[in-house]
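The values are calculated or read from the model by the stated rules, or taken from the named source; none is laboratory data. Worth saying up front: this structure is predicted, and the values here are computed from it rather than measured. Neighbour counts run over all protein chains shown; Cβ positions are idealised from the backbone, glycine included. Only protein heavy atoms, including side chains, enter the accessible area calculation; ligands, DNA and RNA are left aside. Shrake-Rupley method; radii C 1.70, N 1.55, O 1.52, S 1.80 Å.
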Amino acid sequence: MASYLRFLALAALAALPLTAAAAAPDPADTGGSLKGDFGPPQGEPIRAVLTSPPNVPPATNRSRPAKVIVDLEVREVEKEISEGVRYTFWTFGGTVPGSFIRVRQGDTVEFHLKNHPDSKMPHNIDLHGVTGPGGGAASSFTAPGHESQFTFKALNQGVYVYHCATAPVGMHVANGMYGLILVEPPEGLKPVDHEYYVMQGDFYTVGKYREKGLQPFDMQRAIDERPTYVLFNGSEGSLIGDKALRAKVGETVRLFVGNGGPNLVSSFHVIGEIFDKVWFEGGTRFQENVQTTLIPAGGAAMAEFHLEVPGSYVLVDHSLFRAFNKGALGILKIDGPENKAIYSGKEVDSVYLADKAAPDSKAVETATVAAAKGQLTKAEQQKAGEKLFTGTCSVCHQATGQGLEGVFPPLAKSDFLMADLKRAIGIVLNGLTGPVTVNGKTYNSVMPPMSQLNDDEVANILTYVRNAWGNEDATVSAAEVAEIRKTTKRPAGAAH
Amino acid sequence: MRAARPLAALGALLALLGSPAAPATGAERVTLPAGEFTPVVAPGPEQKTVAIGAFALDATPVTNADYRAFVVRHPEWQRGRVAALFADSQYLAHWRRPADPGPAAADAQPVTRVSWFAARAYCQAAGGRLPRWYEWEYAAAADETRRDARADPAYRERILAWYAENSARALPPVGKTPRNVYGVMDLHAVIWEWVEDFGGLMVSGDSRNQGDPDKLQFCGAGALSAEIRDDYPILMRMALLSSLEASFTTANLGFRCAYEVTP
């Protein structure tokens, strides 16, 4: 009896796959590459419109497969990675990430990779949207001052990363050699009000975070996967201030978000928004109502959301030390009328100011020069301190020094700050963990040590905050900071 | 007369080292002793080291002045006369005239924008040849005090700093970097250099392909993985050389010559 039952069960199991095979095809199955070939290209060849981040090329608006010519130039360029910090990026099209490429499923893409004569390195390109060995890498291997050509048919729809695959491949990617190619579905994407292009990457410099000057690539840090910077669009400040992404209340935004890596995966999140839809992993399906979406290194996603409440929304990698200590921050600024029924508005515009940290280190430089000559004035210190405060401290303590009640203690009219200068210097240098009472309220959070700041910078910041927003005191000197640095200890492992 | 003494001393030194006769033009030559060497990419599955015979090498790369003397004696290698098969359209393109470097290419700067064919012809005319890759790598593994400094992170860091700049800046004059333990200069941080067997380097431009069995069919040792995976300076050299064809020229690709020595 028992064996008969088992026989029945086995028979039922065996029948299952047959039943499934006999069923009608799943209407949601787009068929992948098997159904991606719409025949030979039709009409005159089309030159692809390439755009620099954060812009996205217009929709192809085509209903037939075409031959699309892509001209992409590799350039090695020295640019600012952070205020006063320079880095030699290796780029597709002069930007990090590289130019955005947009084609339609079934298109035949004739790809021209040009390596600028000023390049030091040979380069190539592996497009994840290519079906074929190496994704085009071997066919596009190009010496400086030369050009390669290869052709592929875009069989699969989706958002794909492309990157350089020349040895040592991790280094080429770490220097910024990645971008996105969108292969539209045959029916195109639904029109939206704004499309933006954001791509995360991790960077490895010999100097520590925000150490000034031209910073070479640090091979050992890259191998150890300990980035100095984690950035959106290749520099701190690329999506901040004047360069913030913009939209209006009532509009719908579509973000194409990639992650070049080379090492880290991204927990991509927009503070204060919920993605109405995320085409996770850049694929064909969407998930609805997503807070944070995981974007693998060498992967991408497409996110859409409708905007109801005005204000500044912060794009972060929700692995938060990357956001607040390595640069993975961007701003989406939404203009329009308040909607108090949805959000009271109390904190909306205050978390991050859009004019924050626009790269401008002039006041800081002036103070440095004056300090070196021994002619530093209080006004110069305050001015430099304000700049540095805006770039580093205002993220938590807010631009007006008010802090966030219950989370980040206030500096404005703060009894705790003004009571003890030596303690204040020590906190900036060594961080502070655990409960403190400020103006009668208890705060229990973590401030990391600001080990990227030198004595001059700490002195300027403290001079600024102790003389702003109703605070009043004498100046703080670099010597006082140096003394505290010498006599106190930073907690083990807390350095940047 | 003042120059005579150092020159004589140098001649004596060269004779002691067993170097070939001094060249008509060009750099001082230094002799490298024979040795056993572990290259970054092993020569075969069972073989980790290579035996390098003694050879002599130009202490510095060939300069514009040296190369001008060559094209004056061998006009068939002047820009405009050389066959397209032997040099691409950018061959010596930065020179003012076919036999005159002009202000954009100072005498003491290394000559660049030369093809492998041209470099090889130069070295033959000088009584030598291009160095083989393992010879070049052997010479370049040394720093000022050690024959093999490659495991020292500080040595690598110093070399890697060169890659933090693209090639738009003017090339430095030759002979300004410290001599390594053999007396050779400028192997790093000045230019890329042609080698005799660049076409046999077997490194795929796609660095992830090295385990692909297909490669065995096409380029033998290409399936071999790098023996020293974190020697980025050498891997980049190999990648650059692998991207070239023998007629190619680039803005920072030059050469130096090697010479046989009789023990």
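A few remarks follow.
- Taking first residues from segment B:62-81 that are of a type in the set (S, T, N, Q) and partners that are open to solvent by 10 Å² or more (accessible area, probe 1.4 Å), the Cβ contacts under 6 Å between residues at least 6 apart in sequence or on separate chains come to B:THR63/B:ALA108; B:THR63/B:VAL174; B:ASN64/B:ASP107; B:ASN64/B:GLN109; B:GLN78/B:PRO98; B:GLN78/B:ALA99.
Here's the yes/no breakdown for (1) at pLDDT 95 or above; (2) open to solvent by 30 Å² or more (accessible area, probe 1.4 Å); (3) more than 11 Å from chain B (Cβ to nearest Cβ):
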| site | (1), (2), (3) |
| --- | --- |
| A:ALA154 | yes, no, yes |
| A:GLN157 | yes, yes, yes |
| A:THR166 | no, no, no |
| A:MET177 | yes, no, yes |
| A:GLU195 | yes, yes, yes |
| A:GLY201 | yes, no, yes |
| A:ARG210 | no, yes, yes |
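- Members of segment A:263-284 that are in a loop (DSSP other than H, G, I, E, B) and in contact (Cβ under 8 Å) with a residue 60 or more places away in the chain: A:ASN263, A:LEU264, A:GLY272, A:GLY283, A:THR284
- Residue selected from segment B:64-80 under the condition more than 17 Å from B:ALA104 (Cβ to Cβ) and of a type in the set (A, V, I, L, M), by the criterion least open to solvent (accessible area, probe 1.4 Å): B:ALA69
- Qualifying residues in segment A:127-152 (those that are open to solvent by 10 Å² or more (accessible area, probe 1.4 Å) and within 27 Å of B:ALA168 (Cβ to Cβ)) - the one nearest to the other protein chains (Cβ to nearest Cβ): A:PHE141
- Here is the figure for segment B:134-170: residues that are of a type in the set (S, T, N, Q) and either within 13 Å of another protein chain (Cβ to nearest Cβ) or touching a Ser or Thr at 6+ places or on another chain (Cβ under 8 Å) (or both) total 2.
- One residue alone among A:GLY431, A:GLY391 is open to solvent by less than 50 Å² (accessible area, probe 1.4 Å), within 23 Å of A:GLU83 (Cβ to Cβ) and either in contact with a helix residue (DSSP H, G or I) (Cβ under 7 Å, 6 or more places away or on another chain) or at pLDDT 85 or above (or both), and that residue is A:GLY431.
- Selection count, segment A:478-496, where residues are at pLDDT 90 or above and of a type in the set (Ser, Thr, Tyr): 0
- Yes/no for A:VAL249 being on the phi < 0 side of the Ramachandran plot and surrounded by 22 or more Cβ atoms within 10 Å (Cβ to Cβ): no
- Members of segment A:444-471 found to be without any contact (Cβ under 8 Å) to a residue 40 or more places away in the chain and open to solvent by less than 30 Å² (accessible area, probe 1.4 Å), listed by number: A:VAL458
- Residue in segment B:219-234 that is over 25 Å from B:THR49 (Cβ atoms) and either surrounded by fewer than 20 Cβ atoms within 10 Å (Cβ to Cβ) or at pLDDT 95 or above (or both) present: no
- Residues (in contact (Cβ under 8 Å) with a residue 60 or more places away in the chain and assigned to a loop (DSSP other than H, G, I, E, B)) located in segment A:386-401: A:THR400, A:GLY401
- Among the candidates A:GLY179, A:GLY207, A:GLY188, A:GLY260, residue that is under 30 Å from A:GLU110 (Cβ atoms) and assigned to a loop (DSSP other than H, G, I, E, B): A:GLY188
- Complete set of residues in segment A:30-46 that are of a type in the set (A, V, I, L, M, F, W, C) and surrounded by 15 or more Cβ atoms within 10 Å (Cβ to Cβ): A:PHE38, A:ILE46
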